[in-house]
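J.: Dumping the structure here so I can ask a few things about it.
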Amino acid sequence: MDRYADVFNVRGHKYDAAMRAYPTARDEEFRQLFKGIDTAPLKRVFDLPSGGGYLHRFIAANAQLIQFDPSAGFATQGVLPVDLESPELPAPGADLIVSLAALHHVSNKTGFIQAALAALRPGGWLCIGDVAADSNITRFLDQFVGMHNGMGHSGDYLDPESREFQTAVQQQASLVRCEVAPCPWHFANTDDLAEFCRSLFGLLAVDDESLLKALDAQVGITTDTTGVSLEWELLYLQFRK
Ligand SMILES: C[S@@+](CC[C@H](N)C(=O)[O-])C[C@H]1O[C@@H](n2cnc3c(N)ncnc32)[C@H](O)[C@@H]1O
């Protein structure tokens, strides 16, 4: 196991607890993965890495969802082990492969994309969402989270200007979308926002006031009549085979 997998062996249960306590907070982050794609006919779906398994609400109810994760920190049954540096994916392939919030800890991104495309059936989609290089989110993760999670954080982030994605696909598929898009996390109030972030990021000994101050300064918090939103944003890539 690599170091990042070890991190989630230790704090995966806290990440999962946050996702279960606030199951809809990141809905827009998941919905953005499939913007412009009709997921109804996509019947065999791979989620890598799945964490504790949060994708089922966003795909067809009768789809077969196969979940993979390198870490043992998620208690969910039925999650298969995987090495994201060289994923071996089961035949007969998938109609949809999803990778959310993980590629910044994969060094061989080209290898990951090529392995995923090879496992796609013709007409299938590979949908990736991850933190964009040189964004507010990278600074929040590597500075504030890294300082307060007891383990540090240093990501190798996807650069939207990079030709790496074009090179990765070669003749295998087309890159249909490459877009940095807002995907705000939504909560009823700032207490819930602070509780979610503390658990999701495994933050230690940070009071709500300092956490909310950092979130507001480095990411942005907005308020409206429906509650509060953390102005999260990710780079979304959609490949079609
Ligand atoms: C931020 S979570 C994302 C989980 C899920 N896709 C989501 O969006 O909630 C990161 C996941 O990456 C997994 N992981 C472990 N080692 C990894 C590695 N070397 N590279 C990328 N991801 C890794 C962790 O186990 C964890 O499930």
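J.: Go ahead and run the numbers for FRET between A188 and N62, Cβ-Cβ distance against an R0 of 25 Å, rounding to 0.05. Before the final figure, lay out each step's value.
T.: Details: r = 33 Å, r/R0 = 1.30.
Rounded to the nearest 0.05, the efficiency is 0.15.
J.: Could you give me the ³J(HN,Hα) list for segment 173-184, computed from phi with Karplus coefficients 6.51, -1.76, 1.60 and θ = phi - 60°, whole Hz, x at Gly and Pro?
T.: So the Karplus estimates, Gly and Pro as x, are 6, 10, 7, 8, 9, 9, 8, 7, 10, x, 9, x Hz.
J.: To continue, here is another question. For the chain, take the longest principal axis of its alpha carbons; what is the angle in degrees between that and the long axis of helix 208-218, to the nearest 10 within 0 to 90?
T.: Taking Cα atoms only, the helix is inclined about 50 degrees.
J.: Right, something else. Full extension from A181 to A217: what is 0.36 nm times the residue separation minus their Cα-Cα distance, to one decimal in nm? Don't skip to the answer; put the middle values down first.
T.: On the way: separation 36, 0.36 × 36 = 12.96 nm, distance 1.93 nm.
Additional length available on full extension: 11.0 nm.
J.: Convex hull over the alpha-carbon atoms of segment 1-137: what's its volume per residue in Å³?
T.: Values: hull volume 16.8 nm³, N = 137.
In segment 1-137, the Cα convex hull volume per residue is 122 Å³.
J.: Measuring from the lowest to the highest alpha carbon on each principal axis, how far does the chain reach, largest first, in angstroms?
T.: Extents along the principal axes: 50, 39, 36 Å.
J.: Over all alpha-carbon pairs in segment 1-60, figure out the percentage whose distance exceeds 17 Å. Intermediate results must be reported in sequence, preceding the final value.
T.: Working: 868 of 1770 pairs.
Tail of the P(r) past 17 Å holds 49 percent of the pairs.
J.: Something else about it: Could you state the number of Å between the C-alpha centres of segment 43-107 and segment 120-139?
T.: 14 Å
J.: In nm, to one decimal, how far is the H13 label point from the D159 one, both placed 7 Å along Cα→Cβ?
T.: Placing both labels 7 Å beyond Cα along the Cβ direction yields 4.1 nm.
J.: Report, in listed order, any pair from K43/K241; K35/K213; K14/K109 with a Cα-Cα distance greater than 21 Å. Before the final figure, lay out each step's value.
T.: Details: K43/K241 16 Å; K35/K213 32 Å; K14/K109 27 Å.
Table pairs above 21 Å Cα-Cα are K35/K213; K14/K109.
J.: Taking the DSSP beta bridges in the chain as the whole, what percent of them are antiparallel, to the nearest 5?
T.: Numbers: 21 of 36 bridges.
Roughly 60 percent of the beta bridges in the chain run antiparallel, per DSSP.
J.: Also: Contour minus end-to-end for E195 and E28, with contour as 0.36 nm per residue of separation and end-to-end as the Cα-Cα distance? All intermediate terms of the calculation are to be shown ahead of the outcome.
T.: Details: separation 167, 0.36 × 167 = 60.12 nm, distance 1.92 nm.
Result for the pair: 58.2 nm of gain on full extension.
Only the coordinates and a few stated rules stand behind these numbers; no lab work does. Worth saying up front: this structure is predicted, and the values here are computed from it rather than measured. Cβ: placed from backbone, ideal geometry, glycine included. Neighbour counts: every protein chain shown.
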